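S.K.: Got a structure for you, written out below as structure tokens; questions coming shortly.
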Amino acid sequence: QALLVESGGGLVQPGASLRLSCAATRAAFDTYAIAWWRQGPGKDRELVAARNNDGATVYADSVKGRFTISGDNTKALVTLQMNSLNDEDTGVYLCNIGIFNGGAYQSGGTWGQGTQVTVSS
């Protein structure tokens, strides 16, 4: 069983919304923080948002006010609701297991396979 499975990517126009889902194992969801990262064309991988197992969250400045990360405890699912998308949001979005350390997210070595998000008119 894969530890993290992403879904929900697609091609949308600027201004549209998408919801990404990351299905985690029960153990991962209950024990660790889970984050969404993205890697755009020719860009470094960057942290988008992270959610700790106690519900605490952090966001990249570039997505604050537009993206919301949340957890569904019954399904061990971490979702990323993305609104007001623009072309800078284009990239492969990946789930990652990590921890919160001093209020900041620290990445671990477990990644999902990723889901493509393309924002284009």
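S.K.: Can you give the FRET efficiency to the nearest 0.05 for L11 and K75, using r as the Cβ-Cβ distance and R₀ = 25 Å?
M.R.: Values: r = 26 Å, r/R0 = 1.04.
With a Förster radius of 25 Å, E is 0.45.
S.K.: Between Q39 and D87, what is the FRET efficiency for a Förster distance of 25 Å, r being their Cβ-Cβ separation, to the nearest 0.05?
M.R.: 0.95
S.K.: For the chain, what is the accessible area per residue in Å², given a 1.4 Å probe and the full set of protein chains?
M.R.: Working: 5980 Å² over 121 residues.
Computed with neighbouring chains in place, this is 49 Å² per residue.
S.K.: If you don't mind, another one. Provide the gained length on full extension for the span A104 to S62, in nm with one decimal, where the gain is 0.36 nm per separating residue minus the Cα-Cα distance. The partial results should precede the final answer.
M.R.: Values: separation 42, 0.36 × 42 = 15.12 nm, distance 1.64 nm.
Roughly 13.5 nm would be gained on extension.
S.K.: Which whole-number percent gives the relative contact order of region 1-100, counting Cα pairs below 8 Å spaced six or more residues apart?
M.R.: Reported as a whole number, the value is 36 percent.
S.K.: If you don't mind, another one. Calculate what fraction, in whole %, of the accessible area of the chain sits on carbon and sulfur atoms when a 1.4 Å probe is rolled over the protein chains.
M.R.: Carbon and sulfur together cover 47 percent of it.
S.K.: Here is a follow-up. Just to verify a number: FRET efficiency for E46 and R26, C-beta to C-beta distance, R0 = 30 Å, to 0.05?
M.R.: Once rounded, the FRET efficiency stands at 0.60.
S.K.: Return P(r) of region 19-81 (all Cα-Cα pairs; 10 Å bins starting at 0; whole %; ordered from short to long distances).
M.R.: 22, 53, 22, 2
S.K.: Where does region 52-121 land on Rg/Rh, using Cα atoms and the Kirkwood Rh? Spell out each step's value before the answer.
M.R.: Working: Rg = 13.1 Å, Rh = 13.6 Å.
Rounded to two decimals, Rg/Rh equals 0.96.
S.K.: Can you pull out the trypsin sites (Lys or Arg not before Pro) in region 22-96 that DSSP calls coil and that have at most 15 other Cβ atoms within 10 Å?
M.R.: Numbers: sites: R26, R38, K43, R45, R51, K64, R66, K75; in loops: K43, R45, K64, R66, K75.
Answer in residue order: K43, R45, K64, R66, K75.
The values are calculated or read from the model by the stated rules, or taken from the named source; none is laboratory data. All values reported here derive from a predicted model rather than from experimental measurement. FYI the Cβ positions are ideal-geometry reconstructions off the backbone, even for glycines, and counts take in every protein chain you see. Heavy atoms of the whole protein, side chains included, go into the accessibility calculation; ligands, DNA and RNA do not. Shrake-Rupley method; radii C 1.70, N 1.55, O 1.52, S 1.80 Å.
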